[in-house]
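*Asks:* My structure is below; once you've seen it, I'll send some questions.
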Amino acid sequence: LKGHRGWTRTWRAVEQPKESYDVVIVGGGGHGLATAYYLAKEYGIRNVAVIEKGWIGGGNVGRNTTIVRSNYLLPENNRFYEWGMKLWEGMSRDLNYNVMFSQRGVLNLAHTPAQMEGFMRRGNSMRVNGIDAELLDRDQVAAKVPGLDVSDRARFPIAGGLMQPRGGTARHDAVAWGYARGADSLGVDIIENCEVTGFLFDGDRIVGVDTVKGPVKAGKVGVAVAGNTSRVLAKAGFDRLPIESHVLQAFVSEPLKPLIDTVVTFGAGHLYISQSDKGGLVFGGDLDGYNSYAQRGNIPVIQDVAAMAVAMFPNLSRLHLLRHWGGVMDMSMDGSPIIDKSPKDGLYINAGWCYGGFKATPASGWCFAHTIARDEPHELNAAFRLDRFRTGRTLDEKGAGPVPR
Ligand code: FAD
């Protein structure tokens, strides 16, 4: 690495926030940075700060398994995620930054006739909304993914699958860096190593935030802190949100020659697997079963994930794991996100992304920017209200994607 010197900075180092901004975004993950970028680009609001506790890319945006898809059943979800997919398709050009978006397809495996029925229903809903979906039988699955055990001897024999050909993966760090550079070039201040420690109110109206670098005044404040929403919003007086925080782990194996050229999800448990450009298999499993803010995993989940991977691909049984890590997931109670104004004037909430917020990054930023700029939701996030858990208008879609239950 001796030669890695003299790199120019991708965005300005703003050590000290200004006294005041039109908008402060708390959290410099993918969603916070995308929000700042679209606020500046789409709404001309450039006096914006993104205030990040750690470093850009250190949160879940740099810890995920990078799967991008829009294969949802409910119209509110599939329209939102499909808009995200369209933004993904133009992202490298828009940001002038190669985010390595690879539309290699996402295949959800089914193991029972009932699952096939469910996938048929979801695929139809996708197609009705203009989203690509293909129902594959077992032979088509076998042809698409040669290493899979499609025999009747498999622990959970495969019946077929639902494929979204336009789904795929992206380089997660590049997404964070690309949005950071884009926002910075439009005048947004990105302040790293600056924890927000409190919120400043004048009555019920927000007037700024307290940080470890001192108070910062703001006309509006958007909170996009992913796995820390309950902790951060407790400082603004929100005692109880419809969110539980759990660790989710990801794993990378030693590099292999090309083996899997799509994203495959197990239908009999929670496992998703793809192969990185360096050859490592990248996979993730289920949540750790208890609430936690510790960004590290535990051994039973490693064992569980390894067992599921080998049940799908017996030829992986001698593969070595290289590393694994954890990120904190804010699980909403219906599996869908929250992008909304809060009951406090000028304070906006972007939260509850469960396992799936990476793919939402562009659409989330787009819609959150609209909600903040116009003080009302975009039609794409109008259903992602905070009060739906009180009114009963929930969007219950925990079953989308790799989670068959
Ligand atoms: P983050 O990057 O976590 O950003 C939030 C930021 O807020 C952090 O940088 C944090 O430091 C900052 N912050 C917190 N508190 C404060 C404070 N007080 N002051 C200032 N800043 C603060 N999604 C998919 O779509 N596909 C996948 O394949 C996928 N796989 C995943 C696998 C794993 C192992 C994990 C952990 C997640 C996965 N996800 C996936 C989910 C996805 O990564 C997240 O939903 C998404 O990244 C969350 O949004 P973010 O990028 O803004 O979060």
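*Asks:* Quick one: count up the residues across the range 224-277 that are near the ligand (Cβ under 9 Å from one of its atoms), among the β-branched types (Val, Ile, Thr) and touching a helix residue (DSSP H, G or I) at 6+ places or on another chain (Cβ under 6 Å).
*Replies:* Taking the range 224-277 and keeping what is near the ligand (Cβ under 9 Å from one of its atoms), we get 224-229, 231-232, 235, 247-251, 263, 272, 274.
If we keep only those that are among the β-branched types (Val, Ile, Thr) too, we end up with 225, 229, 232, 247, 263.
Next cut, touching a helix residue (DSSP H, G or I) at 6+ places or on another chain (Cβ under 6 Å) only: 225.
Looking only at that region, the number is 1.
*Asks:* Out of all the residues in the range 19-35, is one or more assigned to a loop (DSSP other than H, G, I, E, B), at negative phi and touching a strand residue (DSSP E or B) at 6+ places or on another chain (Cβ under 7 Å)? Write out each step before concluding.
*Replies:* Of the residues in the range 19-35, the ones assigned to a loop (DSSP other than H, G, I, E, B) are 19, 27-29.
Checking the rest, the ones that are also at negative phi come to 19, 28-29.
Remaining after also requiring touching a strand residue (DSSP E or B) at 6+ places or on another chain (Cβ under 7 Å): 19, 28.
So far as the range 19-35 goes, yes, one or more of its residues are assigned to a loop (DSSP other than H, G, I, E, B), at negative phi and touching a strand residue (DSSP E or B) at 6+ places or on another chain (Cβ under 7 Å).
*Asks:* Right, next: What's the number of the condition Thr371 fails, among (1) within 16 Å of the ligand (Cβ to nearest atom); (2) of a type outside the set (A, V, I, L, M); (3) modelled with pLDDT under 95?
*Replies:* Among (1) within 16 Å of the ligand (Cβ to nearest atom); (2) of a type outside the set (A, V, I, L, M); (3) modelled with pLDDT under 95, the lone unmet condition for Thr371 is (3).
*Asks:* Further question: Every residue in the range 378-393 that is over 20 Å from the mean Cα position of the chain (by Cα) and either part of a loop (DSSP other than H, G, I, E, B) or under 21 Å from Pro242 (Cα atoms) (or both), please. Break it down into steps so the answer makes sense when it comes.
*Replies:* Kept after step one, since they are over 20 Å from the mean Cα position of the chain (by Cα), are these residues of the range 378-393: 379, 387-393.
If the condition is that a residue be over 20 Å from the mean Cα position of the chain (by Cα) and either part of a loop (DSSP other than H, G, I, E, B) or under 21 Å from Pro242 (Cα atoms) (or both), then Asp387, Arg388, Phe389, Arg390, Thr391, Gly392, Arg393 are the ones that fit.
*Asks:* Here's a follow-up. Determine whether Ile273 is over 30 Å from Asn381 (Cβ atoms) and part of a strand (DSSP E or B).
*Replies:* Answer is yes for this residue.
*Asks:* Could you please find all residues in the range 91-137 being part of a strand (DSSP E or B) and touching a Pro at 6+ places or on another chain (Cβ under 8 Å)?
*Replies:* Filtering the range 91-137 down to residues part of a strand (DSSP E or B) leaves 102, 106-110, 134-137.
Scanning the range 91-137 gives Asn108, Ala110, Glu134.
*Asks:* A further question follows. Does at least one position in the range 289-304 carry a residue that is of a type in the set (A, V, I, L, M), in a helix (DSSP H, G or I), in contact with a helix residue (DSSP H, G or I) (Cβ under 6 Å, 6 or more places away or on another chain) and at negative phi?
*Replies:* Looking only at the range 289-304, we keep the residues that are of a type in the set (A, V, I, L, M), and these are 294, 299, 301-302.
Next, from what is left, pick out any that are in a helix (DSSP H, G or I): 299, 301-302.
Still in the list and also in contact with a helix residue (DSSP H, G or I) (Cβ under 6 Å, 6 or more places away or on another chain): none.
No, the range 289-304 contains no residue that is of a type in the set (A, V, I, L, M), in a helix (DSSP H, G or I), in contact with a helix residue (DSSP H, G or I) (Cβ under 6 Å, 6 or more places away or on another chain) and at negative phi.
The values are calculated or read from the model by the stated rules, or taken from the named source; none is laboratory data. Keep in mind it's a predicted model, so treat the numbers as computed, not measured. Heads up, the Cβs are rebuilt from the backbone with ideal geometry, glycines too, and the neighbour counts pull from every protein chain shown.
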